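To start, the structure under review is shown below, and the notes come after it.
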Amino acid sequence: QVHLVESGGGLVQPGGSLRLSCAASGILFRLSAMGWYRQTPGKERELVATISGGGTTANYADSVKGRFTISRDGAVNTVALQMNSLKSEDTAVYFCYANQYGHVYWGQGTQVTVSS
């Protein structure tokens, strides 16, 4: 059974930083593309960042380029999202995502709130 467990969300002031982490189990981690999406009430879930199975290719939404960095560690089957220079519009529930051979899995989500 696949489990994706996010951690690291919370409340942060504008301009601050947070690091999200997602622990994956039950999947072939090194063969799975991983990523982060986010969602706010009344809106569709949107892509934040993805990273290939080998970790060599990363893609970012334009709104987070230069501020967010996605990384993965195959030794402990985790994917992280380092978020810097946070803005109020980054407030959302952030979901970890895994794609293994076209099968998509989601974590339960972690709330990130950027507010003074």
Note to self: Averaging over every viewing direction, what projected area does the convex hull of the Cα atoms of the chain cover, in nm²?
What the structure shows: 6.8
Checklist line | Of all DSSP beta bridges in segment 1-113, antiparallel share, percent nearest 5 | finding: 95
Next item on the list: State to the nearest 20 debye the size of the charge dipole of the chain about its Cα centre, where the only charges are +1 on K and R beta carbons and -1 on D and E beta carbons.
Entry: 120
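Just the number please: accessible area per residue for the chain, 1.4 Å probe, all protein chains included, in Å².
52
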Item checked: Filtered trypsin sites (Lys or Arg not before Pro), segment 31-74: DSSP coil and at most 12 other beta carbons within 10 Å -> 43, 65
Note to self: Suppose a student asked you for the relative contact order of the chain, using Cα pairs under 8 Å spaced at least 6 residues apart; what percent would you report?
What the structure shows: 36
Item checked: Rounded to the nearest 20 debye, dipole of segment 1-63 from Cβ charges on Lys, Arg, Asp, Glu -> 100
Checklist line | Carbon and sulfur %, accessible surface of segment 6-116 computed with the full protein complex present, 1.4 Å | finding: 49
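The values are calculated or read from the model by the stated rules, or taken from the named source; none is laboratory data. Given the structure is predicted, the values throughout are model-derived calculations rather than measurements. Please note: Cβ atoms are built from the backbone with ideal geometry, for glycine as well, and neighbour counts cover all protein chains shown. The area values use the complete protein model at the heavy-atom level, side chains included, leaving out ligands, DNA and RNA. Shrake-Rupley method; radii C 1.70, N 1.55, O 1.52, S 1.80 Å.
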